[in-house]
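Step one of this worksheet: look at the structure below.
The values are calculated or read from the model by the stated rules, or taken from the named source; none is laboratory data. Everything quoted here is computed from the prediction, not taken from an experiment. Here the Cβ positions follow ideal geometry from the backbone for every residue, glycine too, while neighbour counts run over all protein chains shown. When the accessible area is computed, the model is the full protein with side chains, heavy atoms only, and any ligands, DNA or RNA have been set aside. Shrake-Rupley method; radii C 1.70, N 1.55, O 1.52, S 1.80 Å.
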Amino acid sequence: MLSFMDAKILAKNLRKSLASKAIEQSHSECLELVAQQFGLNDWNQLSARIATTAERATKQAPAMPRGWTITRQTDRATYRIGMDDEIHGAAQVACCYGREDGIALPADSYGVMMQSIDAAPYRGRKMALEALLTTDDADAASIWMRVDQALGQVLRFDNMLDRSGEGALQGTKPWTSRRIVLDIPEGAASLHFGLLLHGYGRVRVKDLTLREAQGEWPVTAANGKLLMEPTNLNFESAA
């Protein structure tokens, strides 16, 4: 689907369509009409927005923290993921496009960073993944954790998106604590956890910990090289 980033193509198509009805408009005049269709006063404003969006989308990706990866399902042209360049000890997932840019993201657009570890030391225990998160104009942002069997069968999973309370953060929120608690079955082979952003916006995370859950904490929900233990949870060193 064409967006405002395709303004020149839209103007060309509009000029051709008008010509077929014996209405003559120059390419420049059609660009002005396209700009108005996107709610802007003129082509100069639209041109400036295109330049800003293109610059943001092509900005150099941040360094990935050591021990962390980006999931294969993440569209790296849509999301910037890695160490936060403003806050020491934090990581971020940010959409390259603003909500006002007129670029419609697919419903399944996610930016996800993750880490995978061997489940052996945690079998038979109840583990808690905790972090502080802050968001800017986010559709939904959260931490997540999954427990897999050796053949990849999911045993436990919680990404907070379906919770009725203390779930994913939406909109713009200050630093907020979130926790996932999962029991680790004896048949578990691997643990996977990380940070996700659904749709537009930005999420930052810091003070991430994986530790034994306290007894009264309720359980919150029923691929790649494994690390032997959680690594670089304070995001201080690059890969």
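List of remarks:
- In this Cβ point-charge picture (+1 for Lys and Arg, -1 for Asp and Glu), the chain has a dipole of about 400 debye about its Cα centre.
- A 1.4 Å probe, protein heavy atoms only, puts the accessible area of GLU216 near 130 Å².
- Computed E for ASP108/PHE38 - FRET, C-beta separation, R0 22 angstrom, nearest 0.05: 0.30
- Ranking by accessible area, most exposed first, for TYR97, TYR122 with a 1.4 Å probe: TYR97, TYR122
- Computed accessible area, LYS173, all protein chains, 1.4 angstrom probe, square angstrom: 80
- Residues LEU182, LEU40, sorted by accessible area with the largest first, give LEU40, LEU182 [1.4 Å probe; ligands and nucleic acids excluded].
- Accessible surface, the chain, averaged per residue in Å² (probe 1.4 Å): 52
- Gain upon complete extension [ASP75, LYS21; 0.36 nm per residue less C-alpha separation]: 15.3 nm
- Computed from point charges on the beta carbon alone (+1 for Lys and Arg, -1 for Asp and Glu), the dipole magnitude for segment 81-167 about its Cα centre is near 720 Debye.
- Where ARG125, ARG72 fall by accessible area, highest first, once all protein chains stay in place (1.4 Å): ARG72, ARG125
- Dipole magnitude of segment 129-215 about its Cα centre (Cβ charges: Lys, Arg +1; Asp, Glu -1), debye to nearest 20: 200
- Paramagnetic reach from TRP217 in segment 165-179 [backbone N under 19 Å; point 7 Å along Cα→Cβ]: 165-169, 176-179
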